[in-house]
Amino acid sequence: MSTPLDDFLAFTLTQEMPQPTHGVLPSGVAWRCLGTGVLVCEPVAPTAISVVVSAGIHGDETAPIEIISALLGDIASGAILLRVRLLVLLGNVAAMKEGHRYLDDDLNRLFSGRHHALPQSRETARAAELEAVVGDFFSAAVSNKTRWHLDLHTAIRPSLFERFALLPQRAMPYGPEVFTWLGALGIEAALLHRSGSGTFAHFSCSEHQALACTLELGKVMPFGQNDLARYASVANGLCRLISGESQPVGASLPRVFDVVASLDKQSEAFQLWVDNDTPNFTAYPRGTLLAQDGDYRYEVTHDEERIVFPNPRVKVGLRAGLMVAERMA
Ligand code: ZN
């Protein structure tokens, strides 16, 4: 019997809810569809590990959506034996259908309640819905020993590091095991936030104490045009995580960067002095003037800083770029 897991992407793009809304796979894994693009899988044996995997929070970031859809297909076929509680989320389904990053608001700026502060939009409603689903999922666990949230993205522009992770700000430092794990996924750089933000990963970290990260895995392409072989290290790492296998040792560790500044667009006068095609992680020496907005000027204050996500076309009030500096061992 076919289920939404067989091709979750195609199912989500064409239908709202399956009938019936839940079922049990031949492997014994129980699945339940909780809404558009929202699917929970429970393994046969009880477990203390709960994993949220999300993609498509930006609707045009297709490769991670295809990876997740393939992962569910492997669970359905029995190729992957699920040993954790799993919540799969396809974030901005309405924008996915249009092939857009978002429709009204950038969804990944709306979490941790920031959606309340904005006028109602398609994305503010979705942010509230996703927050509730994640909260219910974590609180329904028999044991809360281990909580993960991996939010998968692809970047708009080229990057000097093809795969990188953004780790939300939290009180407890990230241990070496986190970087080892990221290295096993083929992550080349890890960025540590030093303040809060409206991202989905920050929400799961701060509100639900999950080990959460945003993973940037390559470049935006339309559906069907992704070379999924480039994503094999990530797909394999996810597969090991949800099937309860340990990660291989010996992978190279990511380079670690601290986020040292956010270039915030305060007005329409904002100017970013970098070329449009500047790759992520382009380095600038101390003293370089990078942004201006009225009286505000941003000059590089470390020996070297690198720019990530430069985008002067964001809405006023949002981040037009991040500055990071490499952490010295
Ligand atoms: Zn994204």
query: Looking at segment 21-38, is at least one residue assigned by TED's automatic domain parsing to the domain that holds Leu185, assigned to a loop (DSSP other than H, G, I, E, B), among the hydroxyl-bearing types (Ser, Thr, Tyr) and farther than 22 Å from Leu130 by Cα?
result: yes
statement: Of the conditions (1) within 21 Å of the chain's Cα centre (by Cα); (2) open to solvent by 30 Å² or more (accessible area, probe 1.4 Å), the single one that Tyr231 does not satisfy is (2)
query: Counting only residues that are open to solvent by less than 30 Å² (accessible area, probe 1.4 Å) and away from the ligand (no atom under 16 Å from the Cβ), how many does segment 190-218 have?
result: 4
task: Give segment 281-329 a look and list any residue that's polar (S, T, N, Q) and modelled with pLDDT under 95, or say none.
output: Asn311
statement: In segment 22-49, anything open to solvent by 40 Å² or more (accessible area, probe 1.4 Å) and not acidic (Asp, Glu) is listed as His22, Val24, Pro26, Ser27, Arg32, Leu34, Val44, Ala45, Pro46, Ile49
statement: Here the residues within segment 251-306 that are among the aliphatic types (A, V, I, L, M), under 23 Å from the mean Cα position of the chain (by Cα) and under 22 Å from Ser195 (Cβ atoms) are Val256, Val259, Val260, Ala261, Leu263
message: Just checking, does segment 133-147 include any residue being at pLDDT 95 or above and under 23 Å from Ser262 (Cβ atoms)?
response: no
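If I ask for residues that are within 13 Å of the ligand (Cβ to nearest atom) and under 15 Å from Trp181 (Cβ atoms), which ones from segment 153-164 would you list?
The first filter runs over segment 153-164 and keeps only residues within 13 Å of the ligand (Cβ to nearest atom), leaving 153-157, 159, 164.
Residue satisfying the conditions is Phe164 alone.
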task: From Asn276, Asn280, grab the single residue that is touching a Pro at 6+ places or on another chain (Cβ under 9 Å), among the polar types (S, T, N, Q) and without any contact (Cβ under 8 Å) to a residue 24 or more places away in the chain.
output: Asn276
- prompt: What about Phe137, is it farther than 19 Å from Leu39 by Cα and either assigned by TED's automatic domain parsing to the domain that holds Gln225 or not hydrophobic (A, V, I, L, M, F, W, C) (or both)?
  reply: no
query: Of the conditions (1) modelled with pLDDT of 95 or more; (2) open to solvent by less than 20 Å² (accessible area, probe 1.4 Å); (3) not hydrophobic (A, V, I, L, M, F, W, C), Gln169 fails just one. Which one is it?
result: (2)
query: Restricting attention to segment 287-313, which residues are surrounded by 17 or more Cβ atoms within 10 Å (Cβ to Cβ) and part of a loop (DSSP other than H, G, I, E, B)?
result: Val300, Phe309, Pro310
query: Do we have any residue at all in segment 208-225 that's small (Gly, Ala, Ser), under 27 Å from Thr278 (Cβ atoms) and at pLDDT 90 or above?
result: no
query: Quick check: is even one residue across segment 118-127 away from the ligand (no atom under 16 Å from the Cβ), touching a residue at least 60 places away in the same chain (Cβ under 8 Å), outside any strand (DSSP E or B) and among the charged types (D, E, K, R)?
result: no
message: Residues that are on the phi > 0 side of the Ramachandran plot and either of a type in the set (Asp, Glu) or in contact with a helix residue (DSSP H, G or I) (Cβ under 9 Å, 6 or more places away or on another chain) (or both): does segment 89-107 have at least one?
response: yes
- prompt: Could you count how many residues in segment 1-37 are without any contact (Cβ under 8 Å) to a residue 60 or more places away in the chain and among the charged types (D, E, K, R)?
  reply: 2
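The values are calculated or read from the model by the stated rules, or taken from the named source; none is laboratory data. For clarity, every value in this text was computed on a predicted model and none was experimentally measured. Positions of Cβ are backbone-derived with ideal geometry, glycine not excepted, and every protein chain shown enters the neighbour counts. Quick note on the areas: whole protein, heavy atoms, side chains included, nothing else; ligands and nucleic acids left out. Shrake-Rupley method; radii C 1.70, N 1.55, O 1.52, S 1.80 Å.
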